[in-house]
Amino acid sequence: MRSLKVLLSRAGIMLVALDTALLLPAWPVLLWLVSPEHWQALLFEPALAVFPLAQVTLLYALGLYRRDAILSLRRALLRLPLVVGLGALASGVVLLAVQWLWPGTATVDVTDLCSAAMLGFALCATLARVVLFLLLRRGVFRRRIMVVGAGQRAAELIAMIGQHASAPQFDLVFVHEPALGPREPELGRGAHQTVVLASDSNYLQLATAHDVDQIVVAPDERRGMRLERLLDCKKNGFPVVQHLEFVEREARRVDLNRIELGWFLYSDGFYFGPLDRALKRMLDIAVSLVILLFGSLLLLPAAIAIKLGDGGPIFYAQTRVSQGGRHFRILKLRTMRVDAERGGAVWAATADSRITRTGRFLRQTRIDELPQLINVLRGEMSLVGPRPERPEFIGALIEQIPLYDERHTVKAGLTGWAQINYPYGASIEDTRAKLGYDLYYVKNFSVAFDLLIILQTLRVVLFPSGAR
């Protein structure tokens with residue numbers, strides 16, 4: 001449940017519950033339509049359970065529980081055909097394999113079952129999203145937050161959660177006191193925002209009057225803040241959190257603009273036990289072997305296309321930095337001209353002229369990354385972690401970005417929390433933004449988190465954004 005809460009908002013968890021509540025009763029009905037005489041026996045066939053399981057898994061993997069799909073009914077409905085199609089196809093392949101290996105097992109027509117599953121699951125998923133959309137329109141999931149402070153820090157906090165989290169589900173009450181810093185003029189002008197003056201009222205009276213669910217402490221000047229007022233609120237049942245904790249939970253990233261080392265030091269996380277490391281390594285090996293097995297079907301035509309393109313080498317090796325600052329040679333399919341870096345190391349740019357025509361396709365589809373699975377099997381990388389950077393850039397990044405070196409606490413990854421939440425970045429500001437996600441991953445690491453990120457990577461591959 002903790003991993004689910006890490007990745008999903010309240011509305012996302014509600015949508016999972018709606019999908020499950022609709023799929024469970026729909027599945028026996030679909031079996032009855034396909035096989036009226038034997039549907040009860042088929043209901044207990046383990047091989048057939050892959051159909052509803054695959055649907056829910058792909059709904060998550062392809063981003064149907066993310067904020068953008070939850071708030072945009074049109075986007076969700078446009079993705080549903082692909083989800084149910086892939087789910088039915090994968091389940092049908094598994095069922096055919098089971099029937100071939102164990103004749104007499106799950107005796108049902110695979111084509112009929114796949115067709116019924118596609119139609120039935122599409123109707124269930126559509127109904128769930130329409131119901132949730134209507135609930136959101138009625139404000140069912142709205143939360144009322146009281147923010148102590150109405151200055152620049154509060155404005156940055158709201159901008160961050162508005163871009164990355166569930167801001168439309170918040171009613172925001174900003175408490176302004178002159179002693180806590182000047183007021184930001186833009187606050188209070190947006191929808192669902194109110195600014196109140198606290199000079200004549202204590203925080204408990206304001207929290208009670210506005211019936212808030214939580215209090216977030218975000219003043220520009222903390223020396224003028226009366227902590228006993230916040231303590232009164234906490235004693236009377238109002239949860240009180242610092243703005244950094246609130247941003248981490250709602251935006252799923254660390255706020256580097258307002259980072260406080262004390263909060264970083266005393267908050268939970270950053271622990272990797274021997275069992276965690278062993279399970280992560282086992283996951284790396286198992287998943288890498290499976291992907292390499294199926295990915296090899298793509299590597300051969302890709303290699304031929306690269307060779308025919310300009311006659312240059314197929315693979316490209318480059319020095320990168322991983323855990324503890326160790327250097328290793330990362331393997332990729334070559335996507336740039338042979339002389340791409342004759343003038344020295346530079347970041348890739350938008351519409352980079354050095355990228356070949358074949359290379360652009362390989363980058364968009366992430367096929368060029370497949371050889372890195374060999375790095376994972378060697379133990380130089382992990383499947384999930386911060387993307388490895390080149391040593392030529394590391395020194396400058398450490399000097400310009402606070403805590404940048406902390407991303408080397410774990411092994412570099414083929415995919416990562418930053419990769420599925422932020423488009424490809426090739427500048428200091430992009431790197432700073434992605435570091436917020438990388439530090440969130442390092443702080444909240446778990447094998448379950450890795451599995452969820454691996455599933456979300458499928459969405460990035462099928463719906464590429466920002467690849468260069």
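Max-minus-min Cα coordinates of region 143-267 on each principal axis give 35, 34, 28 Å, with the largest extent listed first. Averaging over all projection directions, the Cα-based convex hull of region 2-137 occupies 8.3 nm² in the image plane. Provide, for q = 0.07, 0.09, 0.11, 0.13 Å⁻¹, the log10 of I(q)/I(0) from a solvent-free Debye sum over equal Cα point scatterers in the chain. Listed by q, the Debye log ratios stand at -0.46, -0.74, -1.04, -1.28. A crude spin-label estimate for the pair Thr365 and His192, with each label 7 Å from Cα along the Cβ direction, gives 4.1 nm. Taking the fewest neighbouring Cβ atoms within 10 Å as the starting point, the ordered list for Met146, Met336, Met282 is Met282, Met336, Met146.
Shown is the FRET efficiency for Arg10 and Arg226, computed with R0 = 30 Å from the Cβ-Cβ distance and rounded to the nearest 0.05: 0.45. Considering helices alone, the calculated mean residue ellipticity of the chain at 222 nm is -17500 deg cm²/dmol, with DSSP H runs of length four and up weighted by -39500 (n - 2.57) and normalised per residue. Taking every alpha-carbon pair under 8 Å whose residues sit at least 6 apart, region 143-251 reaches a relative contact order of 35 percent. Using only side-chain charges placed at the Cβ, +1 for Lys and Arg and -1 for Asp and Glu, the dipole size of the chain relative to its Cα centre rounds to 600 debye. Just so you know, the Cα atoms of region 351-400 work out to an Rg and Dmax of 14.0, 36 Å.
Projecting the Cα atoms of Pro301, His243, Ala117 onto the dipole axis of the chain, where Lys and Arg carry +1 and Asp and Glu carry -1 at the beta carbon, places Pro301 farthest toward the positive end.
Within a straight-line Cα-Cα reach of under 18 Å, Lys234 can be paired with the following aspartates and glutamates, leaving aside sequence neighbours fewer than 8 residues apart in one chain: Asp211, Asp213, Glu245. Dividing the alpha-carbon radius of gyration of region 274-462 by the rule-of-thumb value 2.2 N^0.38 Å gives 1.01.
Of Ser382, Ser322, Thr365, whose Cα points farthest to the positive end of the dipole of region 274-462 (charges on the beta-carbon: +1 Lys, Arg; -1 Asp, Glu; origin at the Cα centre)? Comparing the listed Cα positions along the dipole, Thr365 ranks first. Around the Cα centre of region 143-251, unit charges on the Cβ atoms of Lys, Arg, Asp and Glu (plus for the first two, minus for the last two) sum to a dipole of about 160 debye.
A cut-off of 5 Å between modelled amide H atoms, ignoring neighbours fewer than 5 places along the same chain, links Ser382 with Ala412, Gly413, Leu414. Between Leu89 and Leu53, residue separation times 0.36 nm minus the direct Cα-Cα distance comes to 11.7 nm. Label point of Thr105 set 7 angstrom out along Cα-Cβ; within region 35-54, amide nitrogens under 13 Å from it belong to 45-50. Between beta-carbons, use under 15 Å as the cut-off and find the net charge around Leu265, counting Lys and Arg +1, Asp and Glu -1. Every neighbour counted, the sum reads -4.
Working from label points 7 Å from Cα in the Cα-to-Cβ sense, the Arg277 to Leu377 distance is 2.4 nm. With both labels modelled 7 Å from their Cα along Cα-to-Cβ, the Leu308 to Ala179 distance reads 7.6 nm. Scalar couplings 3J(HN,Hα) for region 102-118, obtained by applying the Karplus form with A = 6.51, B = -1.76, C = 1.60 to θ = phi - 60°, are 10, x, x, 8, 6, 6, 8, 5, 5, 4, 5, 5, 5, 5, 5, 5, 4 Hz; x denotes Gly and Pro.
In the chain, taking the dipole from charged Cβ atoms about the Cα centre, the farthest positive-side position among Ser353, Ala97, Pro81 is held by Ser353.
Computed from the coordinates by the stated procedures, all read-outs in this text should not be read as laboratory data. Small disclaimer: the values here were computed from a predicted structure and weren't measured. Every residue, glycine among them, receives a Cβ derived from its backbone with ideal geometry; neighbour counts consider all protein chains shown.
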